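To start, the structure itself, in structure tokens.
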Amino acid sequence: MKDPQIVDFNKSSVSWSGESTGIFKLASTLSVFCKGSETDTFVLAEHVLAGNVYAKKGLIKKPPYLFQLVASSKYQKILRTDLDSDMPGIPRRISSRRQILDSEGNFFKDNINVDIQHKLGDSINNFYRIKKCTTAFSLNGCLSIHTGHHNFIIEFPIRHLNIEMKKEKWQVETGPILFPVLSENKKEYSLSPSFVFFGSLNKADVFLDYPLKRRIFPQHKDNVVSDLKCNISLFQEQ
């Protein structure tokens with residue numbers, strides 16, 4: 001059996017070219033498999049505080065907001081998340097900032113470059129192997145979600161791990177992951193940076209709209225997906 005290939009998030013990136021270029025490290029990947037269609041692969045870039053690029057002074061945008069990119073070769077979504085929901089003192093001329101100003105489309109066309117690098121990994125599938133990972137903490141998580149229409153595979157680095165030695169329990173609390181939010185008919189989906197929680201390899205809880213819950217998903221109370229049935233794998237770098 002071949003050793004599994006896992007995403008090397010330290011070396012993977014998404015970038016664009018043109019008169020001004022930009023590059024981001026990746027926070028998560030999402031592969032979507034659907035019968036009769038090609039596989040779609042989306043990436044979630046790390047978020048940054050938006051800036052006035054190349055300005056001589058005043059580099060931080062006002063009001064401040066987080067900038068995060070979702071991208072594939074044919075689709076990009078820019079999420080702009082205001083840090084202050086009330087935003088007091090904003091002049092009327094920019095009061096539209098009270099609205100979420102996300103945008104989506106194929107902005108970069110052929111100028112987008114999604115570079116996903118891989119490395120060899122070891123499968124970690126029991127408490128004792130998970131416990132050993134704390135001495136050299138470098139884990140990837142992988143969630144596989146199967147619906148009647150799609151198979152989703154989400155991969156991400158583990159940022160936080162809890163261990164209870166006496167009870168031999170463990171729990172992951174991490175994010176952002178790029179999560180597919182299904183419509184009511186479960187045929188369509190939207191993509192949301194999210195937090196994920198799990199203490200087993202067969203179910204998880206997900207908090208939608210990392211990090212500030214600005215976007216509301218009415219089909220999920222309090223933006224929470226509870227007891228999501230899925231297959232979870234953990235991998236350590238070889």
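Solvent exposure of the chain, expressed per residue, is 59 Å² of accessible area, with all protein chains present and a 1.4 angstrom probe. Take the Cα of R214, step 7 Å toward its Cβ, do the same at I60, and the gap between the two points is 1.6 nm. Scoring 55-68, 132-145 by mean Cβ neighbours within 10 Å over their residues and listing the highest first yields 132-145, 55-68.
Using a probe radius of 1.4 angstrom, the carbon and sulfur fraction of the accessible surface of the chain is 50%.
Given a Förster radius of 25 Å and the C-beta distance between E184 and Q99 as r, what FRET efficiency does 1/(1 + (r/R0)^6) yield to the nearest 0.05?
0.50
Convex hull volume of the Cα atoms of the range 1-67, normalised per residue: 149 Å³. Judged by the gyration tensor of its Cα atoms, with axes a ≥ b ≥ c, the range 116-238 is prolate; a/c meets the 1.5 cut and a/b is the larger of a/b and b/c. Pairs from the table (K2/K167; K186/K221; K132/K166; K25/K61; K25/K203; K77/K186) lying more than 24 angstrom apart at Cα are K2/K167; K25/K203.
Read through the labelled values (i) 58, 41, 37; (ii) 62, 40, 29; (iii) 55, 48, 26 and report the label of the one computed as Cα extents along the principal axes in Å from the structure. Computing Cα extents along the principal axes in Å and matching it to (i) 58, 41, 37; (ii) 62, 40, 29; (iii) 55, 48, 26 gives (i).
The values are calculated or read from the model by the stated rules, or taken from the named source; none is laboratory data. This structure is a prediction, so every number in the text was calculated from the model and none was measured. Glycine gets a Cβ as well: all are built from the backbone with ideal geometry, and neighbour counts include every protein chain shown. For accessibility, only protein heavy atoms count, side chains too; no ligands or nucleic acids. Shrake-Rupley method; radii C 1.70, N 1.55, O 1.52, S 1.80 Å.
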